[in-house]
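All remarks here apply to the structure that follows.
The values are calculated or read from the model by the stated rules, or taken from the named source; none is laboratory data. Everything numeric here is computed off the predicted structure, so don't read it as measured data. Note: ideal-geometry Cβ built from the backbone for every residue, glycine included; neighbour counts use all protein chains shown.
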There are 2 protein chains.
Amino acid sequence: MEINSKRLHQRFYQMAEIGKTEKKGVSRLALTKEDRVGRELFIKWLKKLKLNIRVDDFGNIFARKEGSNPSLPPVVFGSHLDSVPNGGKFDGTLGVLAAVEVVETICENNIQHDFPLEIVMFTNEEGARYTQPMLGSGAITGVLQKEYVYQLKDDNGIAFIDALKEIGYLGNQENRVSKVKAFIELHIEQGPVLFDKGATIGIVKGIQGISWQKVTFAGQADHAGPTPMAQRKDAFVSAIKAMDKIHRWVSKLKDETSVTFGKCSVSPNVVNVVPGQVTFTVDLRHPNKKILNQRVDKVKEIILTIASHTETEEQIEEISFMEPVLFSERLVKEIENICDENGYSYHAMFSGAGHDAMYMNRLGETVMIFVPSVDGKSHCEEEESLWKDIYQGTDLLFQLVCKEIGAYSYDFK
Amino acid sequence: MEINSKRLHQRFYQMAEIGKTEKKGVSRLALTKEDRVGRELFIKWLKKLKLNIRVDDFGNIFARKEGSNPSLPPVVFGSHLDSVPNGGKFDGTLGVLAAVEVVETICENNIQHDFPLEIVMFTNEEGARYTQPMLGSGAITGVLQKEYVYQLKDDNGIAFIDALKEIGYLGNQENRVSKVKAFIELHIEQGPVLFDKGATIGIVKGIQGISWQKVTFAGQADHAGPTPMAQRKDAFVSAIKAMDKIHRWVSKLKDETSVTFGKCSVSPNVVNVVPGQVTFTVDLRHPNKKILNQRVDKVKEIILTIASHTETEEQIEEISFMEPVLFSERLVKEIENICDENGYSYHAMFSGAGHDAMYMNRLGETVMIFVPSVDGKSHCEEEESLWKDIYQGTDLLFQLVCKEIGAYSYDFK
């Protein structure tokens with residue numbers, strides 16, 4: 001018994017038509033007409049399977065199939081259908097369509113099970129139109145307040161609640177999911193690790209913690225001509241020295257720590273003026289909260305040392321701190337077993353990016369499955385995954401879901 | 001016999017009223033109403049001294065006093081009256097007013113001399129309103145073309161030639177100076193060297209050469225989360241490493257080389273995106289052309305090495321190259337002698353910034369005299385020089401001018 005790879009492939013390219021861009025990516029931003037059309041196609045498939053479809057007060061769509069015991073918590077799996085502008089057709093969509101395929105396989109094989117199963121499609125995961133990412137999952141798990149979400153505005157000043165009504169997907173609060181036996185999300189990796197390793201499956205043990213700091217060095221703007229270098233208080237030189245030292249230190253650690261200096265502004269930003277003020281950001285990541293905090297402390301220490309050596313003044317401001325999320329060790333082990341049984345090559349890893357699973361982890365045992373992204377490209381029209389990997393990923397999802405729902409009449413051999 | 005310090009002081013504060021700002025600086029931009037009023041005051045003083053006043057085709061003002069032999073080339077001295085917006089009252093003005101004081105002292109003491117003398121006031125030295133600096137001196141020394149200068153526009157689209165006509169200072173080409181026995185410019189240092197050394201006089205041996213390079217590193221923009229550091233092509237890290245290496249190298253040289261990274265732009269400039277492209281400028285200075293070129297070559301070599309190590313692509317573009325100017329060794333020696341005779345503390349140095357003297361050097365032997373700037377501040381309302389230093393600087397100018405014009409009836413003792 002196995003999933004129908006041809007059917008999955010066909011549905012995938014049917015969905016990829018909706019919001020299709022010139023270079024065969026997709027622009028299907030949350031709560032736009034394209035999103036509505038995508039949701040309608042998705043619901044058409046769900047209806048054929050005779051699933052019980054619910055829409056909650058944030059437009060998240062759930063499709064439920066009862067097991068032998070409706071009082072048990074459901075096994076939930078899925079992802080999102082929205083994209084970034086000129087994004088790829090795999091991101092999010094793959095997880096939703098693989099979930100539909102898994103349930104169709106269960107239905108057509110008449111697989112009996114105890115636990116209810118639910119497919120889910122979350123609203124505005126990308127944070128592209130409404131700038132808060134994982135909005136649908138964040139709202140139902142209590143991370144984001146309803147009033148806050150409803151009043152969020154897009155670039156044209158359209159509130160979330162109005163856009164949600166406009167596409168006809170404002171449902172009821174009682175349709176949310178509140179407790180899950182397991183939440184499972186299949187997603188593309190969005191990075192190069194699996195592709196470079198030649199592994200088919202990424203078993204995601206958790207999501208890295210992220211610390212964002214904004215660092216400012218204030219010195220003194222001076223004429224680049226008459227001011228000797230030894231007498232300057234050059235804010236940019238302080239910033240360069242600090243960033244270089246931090247980067248060298250993290251590179252030597254050779255562990256999961258990563259650091260990125262993504263933004264920088266130099267003032268007054270004139271060729272022949274010694275910069276008087278420089279601001280840059282430090283994005284630090286590590287899967288372990290204690291270690292991440294140690295890393296943050298060390299970065300601060302380096303910045304303070306540089307500031308005292310260069311006679312410039314430093315200011316460090318925390319922009320954001322997202323705690324690491326650890327997924328279910330039991331589910332990670334289950335996936336390893338399935339991979340071993342089927343001969344699927346895998347690599348256990350942490351996700352560097354946020355996903356709906358990060359919040360769903362609050363409602364029950366959670367895990368994610370990654371499939372490789374070709375050359376690590378994502379959020380762009382060139383985004384691609386190989387179909388052999390997608391089939392194995394979907395098959396793995398199928399087997400894991402069957403185990404979790406307590407299916408008692410299937411045989412994969 | 002000595003200059004009248006009280007008269008110089010009074011005139012200085014009379015001129016400082018014209019374009020005076022709230023914090024007692026001046027805004028007297030070239031060819032504005034304030035510039036016209038300043039010129040009129042200047043000419044009033046010149047007329048009292050019965051000097052022969054000329055205005056050339058760029059609004060440069062010359063005031064001549066004949067010596068015993070009118071066929072000899074003149075000794076020319078002066079500076080400029082225009083300022084930057086919210087600039088200081090000393091920059092430029094000091095050199096013009098000191099020149100008036102020197103000639104008045106010569107007149108009232110009936111000092112006889114062989115060579116003609118000429119006070120000069122140049123148009124638009126600052127390049128603040130018309131963005132080309134040293135515009136008046138550049139035009140009459142053949143560096144800048146007349147058509148180019150006349151058509152230059154300010155931020156309001158007003159052409160130089162129209163602004164010049166508007167204030168009534170469009171003169172004739174034959175009024176330019178074309179050959180000088182000596183050109184001498186007294187100016188504030190605009191940097192901290194003399195003030196920090198406690199020296200009264202800066203003997204300027206020349207003006208440093210300046211190379212401006214624009215450096216671009218192109219790598220690949222990636223998500224800061226899923227992309228491991230070792231697999232990135234981080235353009236900002238390349239730029240940081242290059243700038244740090246260049247800065248360390250120049251700092252170790254401990255010679256007159258200076259380097260400044262004044263401008264930087266990071267793309268896409270988002271906290272959690274690995275920068276795909278970074279551009280920064282390198283301002284390199286040295287008084288010796290050959291050494292400056294060696295420094296430029298070394299900077300390029302460092303950038304190329306970093307690019308190959310970091311797998312990013314580099315591009316280096318020369319924005320500007322201003323050759324160093326060496327002033328007259330004879331005049332430098334004359335100043336040293338006068339300082340020694342009078343017990344004036346001095347420091348021989350190069351100017352890091354451009355001045356009209358840079359171009360006037362093409363017409364004959366040239367030298368500059370600096371007086372200290374308090375805390376090295378200039379081009380700001382806080383700009384200040386101590387009056388004891390100003391008097392000694394003006395006295396030095398007086399003595400040097402007397403020697404150069406072949407005065408034969410003065411005695412400084």
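Quick check on segment B:20-32. Is at least one of its residues over 22 Å from the mean Cα position of the chain (by Cα), more than 24 Å from residue B:390 (Cβ to Cβ) and surrounded by 21 or more Cβ atoms within 10 Å (Cβ to Cβ)?
No: zero hits.
Per-residue answers, yes or no, for (1) under 25 Å from residue A:405 (Cβ atoms); (2) in contact (Cβ under 8 Å) with a residue 12 or more places away in the chain; (3) of a type in the set (Asp, Glu):
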residue	(1), (2), (3)
A:10	no, no, no
A:16	no, yes, no
A:19	no, yes, no
A:25	no, yes, no
A:30	no, yes, no
A:37	no, yes, no
A:58	no, yes, no
A:65	yes, yes, no
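Conditions tested, residue by residue: (1) crowded, with 19+ Cβ neighbours inside 10 Å; (2) touching a residue at least 60 places away in the same chain (Cβ under 8 Å).
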position	(1), (2)
B:266	yes, no
B:269	no, no
B:275	yes, no
B:294	no, no
B:333	no, no
B:339	yes, yes
B:362	no, yes
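Filter segment A:203-233 down to the residues that are among the aromatic types (Phe, Trp, Tyr) and either over 30 Å from residue A:359 (Cβ atoms) or outside any strand (DSSP E or B) (or both) and list them by number.
Within segment A:203-233, A:217 is the sole residue that qualifies.
Take segment A:152-180 and flag every residue that is within 22 Å of the chain's Cα centre (by Cα) and either outside the structural domain of residue A:124 (by TED's automatic domain parsing) or of a type in the set (Phe, Trp, Tyr) (or both).
Across segment A:152-180, the qualifying residue is only A:160.
It is to be established whether one or more residues within segment B:353-362 are within 22 Å of the chain's Cα centre (by Cα) and of a type in the set (Phe, Trp, Tyr).
Yes, there is a match, as at least one residue in segment B:353-362 is within 22 Å of the chain's Cα centre (by Cα) and of a type in the set (Phe, Trp, Tyr).
Are any of the residues in segment A:269-287 modelled with pLDDT of 95 or more, hydrophobic (A, V, I, L, M, F, W, C) and within 18 Å of the chain's Cα centre (by Cα)?
Yes: segment A:269-287 contains one or more residues that are modelled with pLDDT of 95 or more, hydrophobic (A, V, I, L, M, F, W, C) and within 18 Å of the chain's Cα centre (by Cα).
Taking residue A:131 and the conditions (1) within 24 Å of the chain's Cα centre (by Cα); (2) without any contact (Cβ under 8 Å) to a residue 60 or more places away in the chain; (3) closer than 19 Å to residue A:18 by Cα, which numbered condition does it fall short on, given that it satisfies the others?
(3)
What residue, among those in segment B:251-268 that are within 7 Å of chain A (Cβ to nearest Cβ) and more than 22 Å from the chain's Cα centre (by Cα), is nearest to residue B:229 (Cα to Cα)?
B:266
I'm told residue B:185 meets every condition in (1) closer than 26 Å to residue B:281 by Cα; (2) crowded, with 24+ Cβ neighbours inside 10 Å; (3) within 26 Å of the chain's Cα centre (by Cα); (4) not β-branched (Val, Ile, Thr) except one. Can you identify the failing condition by its number?
Of (1) closer than 26 Å to residue B:281 by Cα; (2) crowded, with 24+ Cβ neighbours inside 10 Å; (3) within 26 Å of the chain's Cα centre (by Cα); (4) not β-branched (Val, Ile, Thr), only one is false for residue B:185: (1).
May I ask you to say which residue of A:241, A:245, A:233 is surrounded by 22 or more Cβ atoms within 10 Å (Cβ to Cβ), among the charged types (D, E, K, R) and either within 22 Å of residue B:249 (Cα to Cα) or at the interface with another protein chain (Cβ under 7 Å from one of its Cβ atoms) (or both)?
Working: A:245 fails: surrounded by 22 or more Cβ atoms within 10 Å (Cβ to Cβ); A:233 fails: surrounded by 22 or more Cβ atoms within 10 Å (Cβ to Cβ).
Testing whether each residue is surrounded by 22 or more Cβ atoms within 10 Å (Cβ to Cβ), among the charged types (D, E, K, R) and either within 22 Å of residue B:249 (Cα to Cα) or at the interface with another protein chain (Cβ under 7 Å from one of its Cβ atoms) (or both) leaves just A:241.
Within segment A:179-210, count every residue that is touching a strand residue (DSSP E or B) at 6+ places or on another chain (Cβ under 9 Å) and either farther than 29 Å from residue A:293 by Cα or without any contact (Cβ under 8 Å) to a residue 40 or more places away in the chain (or both). Steps first, answer last, please.
Applying the first criterion (touching a strand residue (DSSP E or B) at 6+ places or on another chain (Cβ under 9 Å)) to segment A:179-210 yields A:180-194, A:197, A:199-210.
In the following step, the residues that additionally are either farther than 29 Å from residue A:293 by Cα or without any contact (Cβ under 8 Å) to a residue 40 or more places away in the chain (or both) were identified as A:180-182, A:186, A:197, A:199-201.
Within segment A:179-210, residues that are touching a strand residue (DSSP E or B) at 6+ places or on another chain (Cβ under 9 Å) and either farther than 29 Å from residue A:293 by Cα or without any contact (Cβ under 8 Å) to a residue 40 or more places away in the chain (or both) number 8.
Could you run through segment A:194-213 and say how many residues are within 24 Å of residue A:282 (Cα to Cα), touching a Phe, Trp or Tyr at 6+ places or on another chain (Cβ under 8 Å) and not hydroxyl-bearing (Ser, Thr, Tyr)? Spell out the reasoning first.
The first filter runs over segment A:194-213 and keeps only residues within 24 Å of residue A:282 (Cα to Cα), leaving A:206-213.
Applying the additional criterion that residues be touching a Phe, Trp or Tyr at 6+ places or on another chain (Cβ under 8 Å) yields A:206-212.
Applying the additional criterion that residues be not hydroxyl-bearing (Ser, Thr, Tyr) yields A:206-210, A:212.
Adding up the residues that qualify gives 6.
Yes or no: segment B:369-376 includes at least one residue that is surrounded by fewer than 18 Cβ atoms within 10 Å (Cβ to Cβ) and within 14 Å of another protein chain (Cβ to nearest Cβ). Let's see the steps before the verdict.
Quick first cut of segment B:369-376, residues surrounded by fewer than 18 Cβ atoms within 10 Å (Cβ to Cβ) only: B:374-375.
Applying the additional criterion that residues be within 14 Å of another protein chain (Cβ to nearest Cβ) yields B:374-375.
Within segment B:369-376, one or more residues are surrounded by fewer than 18 Cβ atoms within 10 Å (Cβ to Cβ) and within 14 Å of another protein chain (Cβ to nearest Cβ).
Which number in (1) within 27 Å of residue A:208 (Cα to Cα); (2) facing chain B (nearest Cβ under 10 Å) marks the one condition that residue A:299 misses?
(2)
Suppose we filter A:20, A:33, A:44 for residues that are of a type in the set (D, E, K, R) and touching a strand residue (DSSP E or B) at 6+ places or on another chain (Cβ under 7 Å); which single one remains? Working first, answer last.
On the way: A:33 fails: touching a strand residue (DSSP E or B) at 6+ places or on another chain (Cβ under 7 Å); A:44 fails: touching a strand residue (DSSP E or B) at 6+ places or on another chain (Cβ under 7 Å).
Matching residue, one of A:20, A:33, A:44: A:20.
Filtering segment B:213-230 down to residues that are surrounded by fewer than 22 Cβ atoms within 10 Å (Cβ to Cβ) and at pLDDT 95 or above, which residue is farthest from residue B:263 (Cα to Cα)?
Ranking the qualifying residues of segment B:213-230, first place goes to B:218.
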